[in-house]
Amino acid sequence: MIRIEKKLKSETRSNLELKLESRNLGIKVEGWDKEHTEFDIKLEYESDSGSEIILEDVIKTNYESDANLLTIEIENVEHVKTLKADLRLLVPKLTETEGNLENGPIRISGLEGTQKISSENGLIKLQDCRGELHLQNENGSLKINDHVGDITASTENGAFVIKNCQGIFKITTENGVVKSYNSAGKLDLIGENNVVKVLDSKFDQVDIKSENGSIYYEFAEISAGSFKFSNINGRIQLIIPDKIPVSLEAVNGNGRINIGVKGEYERSSEHGKAKVIMMRGNGNVKIRAENEQGSINISDTAMKTRKTFKFSGISDMINNIMDSIPEQELEKADESIERVKMKIKSIDFKGIEQKVQAAMNKVDEAISSEFTSDKNREILAKVKIKVDKALGGIQETFRKTEDQNEKEEQSRLKILKMVEEGKITVDEAEKLLAALGIKK
């Protein structure tokens, strides 16, 4: 095994333009308060010939002072197997990046300016950045945390996650999970074959279009806004707190509209489609939900299925951990998997029978048998396959659990409707819910 450690320095300036090309190696780009740029390089590799490589054959850098342009090209050399790679680039905070990566993750933090990143088969992650983001990823996850600025992004075959972000977001995604936490501004999302979950939302304008997937949206206690949800072949679930002054219109071509919130509403039929109109307060929060081949559920509290959502995504969680392990941290893979195992074991599986335990034993066996001293990408791929297979039993079990929770929610909504229509009293409804074992 051959090691290379080197630090490259460029006398750059603020408002730097960074162009980055990388193949088969990941990189971290971090903003700092200094004007110059430092590139910390640590490589461990094996060569078929046993001879050392020339660093410039792997990493090429060029700085044009007049244009304040730094160009970096990274690519593995043939007949060389990289065991570990820690590439850390420190640049001025005011840096705009144009990056094109393949088969390696990129992590960007603390930058201000426009970031344009395209990736294939790798993670894109941004943390604590300011400015416009233009992102494109295929066969990899895209994660954005604590960002202020507009985001235009497209993903295929990978998860898209934003947390604590503010701006105008235009998202196109296919074949993956989309999650938003505690974010604000405007959301425009078009998805196909996706699960969309928006939690603790503070958006004031939303347009979500989905096909062959589900939409789950939790409203914060806002006073005004415009919201549109449309779906084909999937469910729409909206959580609307009682204090929101809502003007709701729900239309369903071939499915039920279930209302479980306080307020007066009327049902009708329009061109063969079921329709519900509801007004509460001044109606400044305008909501339109339209569906084909799926239900529309409106309630004031989160469904119990929210508690099991993370369980049905255990395979995705482990896959994401595997995908995000950088080359330089492969030696820590055993520790990462142990933490995942402990998290899974800590879940309360009461009511789930032997299938879960059998699946958990398979997870243990798969991890223990594969994670030896040889920690390379091929081993990780084998583990992912075995873990996915083992967790199939858990996913099927929780899928049945979620179906049961859905039935309970339908029963709860029917009972609430009977109260609203005066068919039963509140006391009678509480007794009926208790008899069915359904929480209010």
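Summary table
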quantity	calculated
Residue within region 70-77 that is at pLDDT 90 or above, among the polar types (S, T, N, Q), surrounded by 13 or more Cβ atoms within 10 Å (Cβ to Cβ) and in a strand (DSSP E or B) present	yes
Evaluation of Gly104 against (1) out of contact with any Leu (no Cβ under 8 Å at 6 or more places or on another chain); (2) within 17 Å of Gly158 (Cβ to Cβ); (3) small (Gly, Ala, Ser) (one fails), failing number	(1)
Residues of region 45-69 satisfying the condition of being surrounded by 19 or more Cβ atoms within 10 Å (Cβ to Cβ) and assigned to a strand (DSSP E or B)	Tyr45, Ile59
Residues located in region 263-285, provided they are within 24 Å of Leu433 (Cα to Cα) and surrounded by 14 or more Cβ atoms within 10 Å (Cβ to Cβ)	Gly263, Tyr265
Residue identified as out of contact with any Ser or Thr (no Cβ under 9 Å at 6 or more places or on another chain), surrounded by 18 or more Cβ atoms within 10 Å (Cβ to Cβ) and not assigned by TED's automatic domain parsing to the domain that holds Pro105 among Gly225, Gly158, Gly149, Gly176	Gly225
Residue ID - surrounded by the fewest Cβ atoms within 10 Å (Cβ to Cβ), chosen from residues in region 290-315 that are under 18 Å from Leu199 (Cβ atoms) and at pLDDT 50 or above	Ala302
Unique residue being surrounded by 17 or more Cβ atoms within 10 Å (Cβ to Cβ), at pLDDT 95 or above and either of a type in the set (Asp, Glu) or more than 27 Å from Phe203 (Cβ to Cβ) (or both) when the list is Lys143, Lys93, Lys84	Lys93
Of all residues in region 190-205 being of a type in the set (D, E, K, R) and surrounded by fewer than 17 Cβ atoms within 10 Å (Cβ to Cβ), the one that is farthest from Lys170 (Cα to Cα)	Asp200
Lone unmet requirement of (1) under 22 Å from Ser154 (Cα atoms); (2) under 16 Å from the mean Cα position of the chain (by Cα) for Phe227	(2)
Count - residues of region 110-123 that are assigned to a strand (DSSP E or B) and touching a Lys or Arg at 6+ places or on another chain (Cβ under 8 Å)	1
Enumeration of residues in region 139-169 that are on the phi > 0 side of the Ramachandran plot and polar (S, T, N, Q)	Asn139, Asn157, Asn164
Residue match in region 212-230 (condition: in a loop (DSSP other than H, G, I, E, B) and on the phi > 0 side of the Ramachandran plot)	yes
Residue among Leu87, Leu101, Leu126 that alone is touching a Ser or Thr at 6+ places or on another chain (Cβ under 6 Å) and part of a strand (DSSP E or B)	Leu101
Matching strands (runs of 3 or more DSSP E) fully within region 237-307 where at least 1 residues are without any contact (Cβ under 8 Å) to a residue 40 or more places away in the chain and polar (S, T, N, Q)	264-270
Meets criteria (out of contact with any helix residue (DSSP H, G or I) (no Cβ under 8 Å at 6 or more places or on another chain), in a strand (DSSP E or B) and over 21 Å from Arg3 (Cα atoms)) for Lys81	no
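The values are calculated or read from the model by the stated rules, or taken from the named source; none is laboratory data. In this text the structure is predicted, and so the values were computed from the model without any measurement. All Cβ positions, glycine included, derive from the backbone under ideal geometry; neighbour counts span all protein chains shown.
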